[in-house]
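Everything below concerns the one structure shown next.
The values are calculated or read from the model by the stated rules, or taken from the named source; none is laboratory data. Treat the numbers as computed from the prediction; the structure is a model and nothing was measured. A quick note on method: Cβ atoms are made from the backbone with ideal geometry, for glycine too, and the neighbour counts reach across all protein chains shown. The protein model used for the area step is the full one, side chains on, heavy atoms only, and it has no ligands, DNA or RNA in it. Shrake-Rupley method; radii C 1.70, N 1.55, O 1.52, S 1.80 Å.
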Amino acid sequence: MRYEMVVGLEVHIELSTESKMFCDCSAKFGGEANTHVCPVCLGMPGVLPVPNKKAIDYAMRASLALNCQIAPFTKFDRKNYHYPDMPKDYQISQYDKPIGSNGYVVIRTDKGDRRIGIRRLHMEEDTGKSLHEGVAAGSLLDFNRAGVPLIEIVSEPDIRTAEEARLYLQKIRTIMLYTGVSDVKMEEGSMRCDANISLRPEGSSEFGTLVEIKNMNSFRSVQRALEYEAARQQSVLESGGRIVRETRHWDEGRGVTFSSRSKEEAHDYRYFPDPDLVPLEINQEWVDEVRRALPELPDQRFRRYVEEYNLPAYDARVLVEDLALAGFFDEAVAAGANPKAASNWIMVDLQGLLKGEGKSISEVKIKPSHLTQLIDLIEKATISGKIAKDVLVEVCFTGKDPESVVKEKGLVQITDESALIKAAEEVLAANPGPVEDYRKGKKNAIGFLVGQLMKATRGKANPGLANDILRKLLDGSV
Amino acid sequence: MSLCDLTAHELHKLFSSGEASATEIAEAHLERIEAIEQEVRAYVTVTRDRLLEAAAAADKARQSGEVIGPLTGIPMAIKDNIVTQGVKTTCASRILENFIPPYNATVVDRLYNAGGCLVGKANMDEFAMGSSCEHSHFGPTHNPWDTGRVPGGSSGGSAAAVAAGEAVFALGSDTGGSIRQPASFCGVVGMKPTYGRVSRYGLVAFASSLDQIGPFTRDITDCALVLNAICGHDPRDTTSASEPVPDFTESLVPDICGMRLGVPREYFEEGLSKGVREAVNSAIELLAEMGATVEECSLPHTRYALSTYYLIAPAEASSNLARYDGVRYGYRASGARDFVDMYKKTRYEGFGPEVRRRIMLGTYALSAGYYDAYYLKALKVRTLICKDFDNAFDKFDALVTPTAPTVAFSLGEKAADPLSMYLSDICTIPVNLAGLPALSVTCGFNEGMPVGLQLIGPHFAEGTLLRLGYALEQSTDFHRRRPPLTKTQEWDRNMEEAPDNAV
Ligand SMILES: [Zn+2]
C-alpha cells in the first residue's frame, strides 16, 4: 500500500517590537541575563499586563499578509501550566477567538502551485529560558525573553510532502520579512516550528493518528524529521502495528525522532478568559489602516517581475525570496537599469560574488545606482561585458562608482578601427598556424585569433569590431 | 478624646491651624498601638520609623507654607495584600512571609502623594480568602468592640485598626464583601467602589474580575476624602475605568428628599438575625422620614449568587495564585527531588488550608469536561444577577440591605465550618458579581456590637451612596461611638498623668 503524509505546522514567530507584549521592557534579543525585566514580566504579586498596541498592529499585519480574516472581537486567555521559566505560571495567549483566521499561502512545487490553508493566527507571550549547562547544582533562569510578543501561525493539515513543508516555512518566513513584523531568525529562536504528522493510504480522505514533533531547529531539520517520521510510521503500519498519539522529539545528530515520554498529552491547560485584560474590539477602520500600511508582498512582487519586466519565473522567484536582493533590484531598475539586464547581473555575477565571499548584499559596497551605471556603460559600448565583470568586483569592494573605476584603470573599450587593425595584423603575423587553418576552411579558427587580439589589447577591444576586422583581414578584403 | 479618636477632617483642622502637629498625631497613634495592639492584633507590620519620618515631612511642609491637602499628615493602614515598596507585603501568608516589593501599588503612590502617612500593613485572611480574619498565617485579629469576637474579613485588620484608633483610615480590598462585612462588624464606614473605579495595580490578585480596593473610615466625610485621593483611571490597569471622577465631598449634603430606595426582599430572608433586622429596619424608617421613598423589590437571582461566586472566584484564584511556586521569590520548601516536587512541597507548606481548598475548587471548575458545567454556567448566572440589578436601578437610586446577616461572631465559631463562614457574605457577594459600588455604614447596635447597613448603587454612583450615608449620619450618633477598649486606654493614661496635673 502507498501512504501519504498529512502534515500541519505550528509556527511561532517573535515580533520585533521595541518593548514586550505587556510591559515596557526591551524586547531586544540578547543582553545580560535578567536585565530586560520588571515586576510585570517577572510575574510579581499584584502587577497587571497592559497590551502593546504595536504588537497587536503587527499581529494584524501578519494576519492580513497571510490572507486571514481579522476578528472584530478578540480577547486574551490564560493557558495554565507550571514551568520554572514561566513567571506567572500561566501564559497569556488566545484560545477560542484568535485575532486572525481562515487564511492561506500559495507555495510553488514541482507539481505547480499549492494552496496551504492557515487555520488561525493568535498572539501570545514568550517564556524565559532555563540554563542547565555549566551550572553546578540546579538550574539558572533568564527572563529576558519572558513576555516578548509572539504570534503562532497554525496551518491546516494541507501539507503532503516534506518538501512542501519546507516550501511552506520558507514562504511564511519571506512574508514575515516583507511585512517587517519579525526578523525570523531560526537560530535566535525568533522563528520556531512544531509539526503534526499522520499517515493515510493514498487516496483516503480519513486522518490517521497524529504525532507531534518538536525540537526542529532549521527548515532542513523539519524536512528531515518529517521524512524520518513518515518512514517510521509506515514501517509501524506495514508491520501491523498502531501509531501512538504522542509527542516526539527530533534528534538532529542521530537523525531520528524519539518519544519524549512526557505527560504533555495529559495536560489540561484550563484555558479561561484573562480577567486582567479587557476584550479587544477591532473596528474596520483599524483594519483598513493596517491594510493600507502593508508593503508589497512576495506574491505581488513576483507577479510584477514576471508580468511587467518579463523576468523568467525562476529568476523572479530567487529575487523575491531575498528581500534585500529584491530591494536592490527594484532600486537599480528605478534608477534606469534595464530590468532583464539588472536581474541577470544580480542573479549571476553579484550572487556568485556574494556566495564566494559569504556575504549579504548589505555587506558589500555596491549600490543599486552603481549597477544601473554599469549596465549603461555596457549598452553604450564604453566597456565590454567581460571588463564589466571586473568592474563589478572592484565596485563591490571599494564602493567607487563604475565610471571612475573604468577611467582610473583605463578600461575604455578600443573602438578606433585603425588602432585595432594594427594590433590585428600583429596577431595574424604571430599566428601563422591558425591563419593557415582558417584559410583552408576551418572558419572557427577565428575564435582563437579573436581571443589573441583581446589578450593583446588587455580586453579593451570591442569584441564585435575585433571579429569584423580579423575576418576582413583574413578574407583579404581590406 | 485622644488625637487618635478623631476623623481625618477633624485632624486636618487641628493640623492646618497648627493646633496639632503631624508628629503629635503620629505619636498618639503609636501610643495607642502600644497600648492595645496586643489585644487587637490589627497589624502584620507596624512601620514606626516610616510613620515618624512621613509625619516630620508633613510638619515641615506645613511650616514652609506648602499647600496642605486633607490627608496630609494623616496616619493610615494599608491591607497587607496591597504592595508597598520597601515594606513587607505578606498577604498574611507563609508563602510571602518575607516578600518586600520593589514597587508601589497605584493607590499607595496616590495616597503618599496626598500626604498620607503609613502606620503599617493590616492583617487579613490569607490572600483575602475568608470572612473572619482567622485565616492569617500570623494569627487572628480581634474585634475591638469585643476581643472575643472576630473583626470580620478578609480586611479585618484594616477595619479593626480604624475602629480602635490605630489608624485614622485604612485601605482594604473587597472581592465578596471583604471591606463591607468587617466595616459592619467593627462599626466603621466601608466602601467598595464600582469595579474599575480604583486601580488594581499592586493589589495582589485573588479574583481579578471581582477585586476592588476601597477605604475604611470613621465617617462618611473621610470616606469621600479618601475616595477623592484613590479613584481614577490608571494606565497600568486596563480594567480601570476612564469615567471622570467627581469631587466626592460635593455629595455630602444632608438632603435625600425624593430619593427612591429599593429594599430587596431576598436580603431579609432566613439567616438574618433579629437584632440586625431591627437595626436595619429602623434605619430604613429613618431614611423614609427624611424624605426618601422606600419600596420593597425583588432581585430573584440572589439565591444563586453564593454558588456563582464560589465557582468564579476560586477559578480565577487558582490561576492568580499559581505564580507562588518558590522559583523567583517568597517561600521555597527545602528537600525537593525535582522542580515538580519543589512546587508541590512549596505550595503545600506555603499556603494555609483555606487557600488550598479554594485553589482546588477553582482548578476543578476550570478543568476540561467541567468548564462548561461550572465556570461557563457561573458566568451566565452572573449576567442574570447583573440584569436583576439593572432592572432594579431602572426604578431606584439605591438599594438598602443589611451588610451581613449577623453581628460579629465569636472567634472559632465558624472556623471549622467553611459553608457557614461563606454564608456571612451572602448580602455582599452579589454586589461584586455585578461590579457595583456599595457602602456599609453603622445603623445600630445589637448585643453591644455594631450593625452595618448596606447601600448599593448603580455603576459609578458612589456619590449617591455617600449622600445617603451622610444623611443617616447626620441624624444618628453611631459613628461617634468608640469601642470600650480605647476608652480603657484613655482612662489609664489619664491616671498616669494625674499626679503631674495634680501639682
Ligand atoms: Zn517587563
Applying 1/(1 + (r/R0)^6) with R0 = 56 Å to the Cβ-Cβ distance of A:V348 and A:D268, what FRET efficiency is obtained, to the nearest 0.05?
0.45
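Can you give the longest run of chain B that contains no trypsin sites (Lys or Arg not before Pro) sitting in a DSSP loop with at most 14 other Cβ atoms inside 10 Å? Write down the numbers at each step before the final one.
On the way: sites that count: B:R337, B:R481.
Here the longest segment lacking exposed loop sites spans B:1-336.
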If you take each beta carbon of peptide B:194-204 and count the beta carbons of other chains within 10 angstrom, what is the mean?
2
Rounded to the nearest Å, what's the spacing between the alpha carbon centres of the range A:217-261 and the range A:392-410? Just the number, please.
53 Å
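Which entries of A:K79/B:K121; B:K345/B:K377; A:K422/A:K442 have Cα-Cα distances beyond 31 Å here? Walk me through the numbers on the way to the answer.
Numbers: A:K79/B:K121 33 Å; B:K345/B:K377 33 Å; A:K422/A:K442 24 Å.
A:K79/B:K121; B:K345/B:K377, as the Cα separations exceed 31 Å there.
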Scattering from the C-alpha atoms of the range A:296-409 alone, worked out with Debye: what is log10 I(q)/I(0) at q = 0.15, 0.18, 0.20 1/Å?
-0.60, -0.86, -1.05
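How do B:M191, A:M186 stack up against each other in accessible area, from largest to smallest, with a 1.4 angstrom probe?
On the way: B:M191 0, A:M186 35 Å².
Result of the area sort, largest leading: A:M186, B:M191.
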Over the heavy atoms of B:F478, what accessible area does a 1.4 Å probe trace out, to the nearest 10 Å²?
40 Å²
What is the average number of partner chain Cβ atoms found within 10 Å of a Cβ in A:75-86?
3
Net charge over other residues, Cβ less than 15 angstrom from the Cβ of A:V406 (K, R count +1; D, E count -1):
+1
Measure off 7 Å from each Cα along the Cα-to-Cβ vector at B:E285 and A:K367, then give the distance between these two points in nanometres to one decimal.
9.5 nm
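Hey, what D do you get for the protein assembly as shown in µm²/s if you plug the Kirkwood alpha-carbon radius into Stokes-Einstein at 10 °C and 1.306 mPa s?
Values: Rh = 33.5 Å.
Stokes-Einstein gives a translational diffusion coefficient of 47 µm²/s.
Tell me, what is the FRET efficiency for A:H132 and B:R337 to the nearest 0.05, using R0 = 22 angstrom and their Cβ-Cβ distance as r?
The computed FRET efficiency comes out at 0.85.
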The ³J(HN,Hα) series, computed from each phi in the range B:238-254 with the Karplus coefficients 6.51, -1.76 and 1.60 at θ = phi - 60°, rounded to the nearest Hz and given as x for glycine or proline, is 6, 8, 7, 7, 8, 3, x, 9, x, 7, 5, 5, 5, 7, 7, 10, x
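Out of the GluC sites (Glu not before Pro) in the range B:1-63, which ones are loop residues according to DSSP with at most 12 other C-beta atoms within 10 Å?
Working: sites: B:E10, B:E19, B:E24, B:E27, B:E31, B:E34, B:E37, B:E39, B:E53; in loops: B:E19.
Passing sites in the range B:1-63 are B:E19.
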Spacing of the two label points (7 Å from each Cα toward its C-beta) at B:L384 and A:E187, in nm:
6.1 nm
Largest first, how would A:K75, A:K409 line up by accessible area (1.4 Å probe)?
A:K409, A:K75
Run through every distinct alpha carbon pair of chain A and return the Kirkwood hydrodynamic radius in angstroms, one decimal place.
26.8 Å
Chain pair A, B: total accessible area buried, heavy atoms, 1.4 Å probe, Å²
2800 Å²
Pull up all non-local amide H partners of B:A20: gap of 5 or more, or a different chain, and H-to-H distance under 5 Å with H placed in the peptide plane.
B:F15
Mind checking the per residue accessible area of chain A for me, 1.4 Å probe, whole number of Å²?
47 Å²
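With all protein chains present and a 1.4 Å probe, how do B:H301, A:H132, A:H267 order by accessible area, largest first?
Working: B:H301 50, A:H132 115, A:H267 85 Å².
The most accessible residue leads, giving A:H132, A:H267, B:H301.
Rounded to the nearest 500, what is the 222 nm mean residue ellipticity of chain A from helices alone, with -39500 (n - 2.57) per DSSP H run of 4+ residues and division by all residues?
Details: 16 runs with 180 residues, N = 478.
Theoretical 222 nm ellipticity from helices: -11500 deg cm²/dmol.
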Please report the base-10 log of the normalised intensity I(q)/I(0) for chain B, using a Debye sum with one equal scatterer per alpha carbon and no solvent, at each q in 0.08, 0.14 (1/Å).
-0.45, -1.41
Out of residues 5 or more away from A:S19 or on other chains, whose amide H comes under 5 Å of its own, with H placed 1.01 Å from N in the peptide plane?
A:A27
Can you grab the distance from the C-alpha centre of the range B:418-437 to the C-alpha centre of the range B:57-105, Å, no decimals?
29 Å
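Give me the percent of the accessible area of the protein assembly as shown that comes from carbon and sulfur atoms, probe 1.4 Å, all protein chains in place. Write down the numbers at each step before the final one.
Numbers: 20290 of 40400 Å².
Of the solvent-accessible surface of the protein assembly as shown, carbon and sulfur hold 50 percent.
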Below 21 Å, Cα to Cα, which lysines can A:K380 reach? Residues fewer than 8 away in the same chain don't count.
A:K340, A:K367, A:K389, A:K400, A:K407, A:K409, A:K460
Could you compute how much accessible surface B:W145 exposes when probed at 1.4 Å, giving the result in Å² to the nearest 10?
40 Å²
Cut-off 10 Å between beta-carbons: net charge of the residues surrounding B:E266, Lys and Arg +1, Asp and Glu -1
0
With all protein chains present, calculate the accessible area of A:D142 using a 1.4 Å probe and round the result to the nearest 10 Å².
30 Å²
Could you list the GluC sites (Glu not before Pro) in the range A:366-438 that lie in coil according to DSSP, counting only those with at most 14 other Cβ atoms within 10 Å of their Cβ?
none
So, in Å, what gap is there between the alpha-carbon centers of the range B:336-381 and the range B:200-267?
31 Å
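Over the whole of B:316-322, what's the average partner chain Cβ count within 10 Å per residue? Rounded to a whole number, please. Walk me through the numbers on the way to the answer.
Values: counts 6, 0, 4, 11, 8, 2, 10.
For peptide B:316-322, the averaged partner shielding equals 6.
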Residues with amide H under 5 Å from that of B:N446, placed H, sequence gap 5 or more
B:V451
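For chain B, report the accessible area per residue in Å² (1.4 Å probe, heavy atoms, rounded to an integer).
Working: 17720 Å² over 503 residues.
Each residue of chain B exposes 35 Å² on average to a 1.4 Å probe.
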Quick one: dipole size for the range A:33-139, taken about the Cα centre, charges +1 on Lys/Arg Cβ and -1 on Asp/Glu Cβ, in debye to the nearest 20.
500 debye
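Classify the range B:337-487 from the C-alpha gyration tensor, please: rounded if a/c falls under 1.5, else prolate or oblate depending on whether a/b exceeds b/c. Before the final figure, lay out each step's value.
On the way: a/c = 2.81, a/b = 1.43, b/c = 1.97.
Judged from the Cα gyration tensor, the range B:337-487 comes out oblate (a/c at least 1.5, b/c at or above a/b).
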Segments A:176-183, B:97-104, A:278-285 sorted - mean Cβ within 10 Å per residue, highest first:
A:176-183, B:97-104, A:278-285
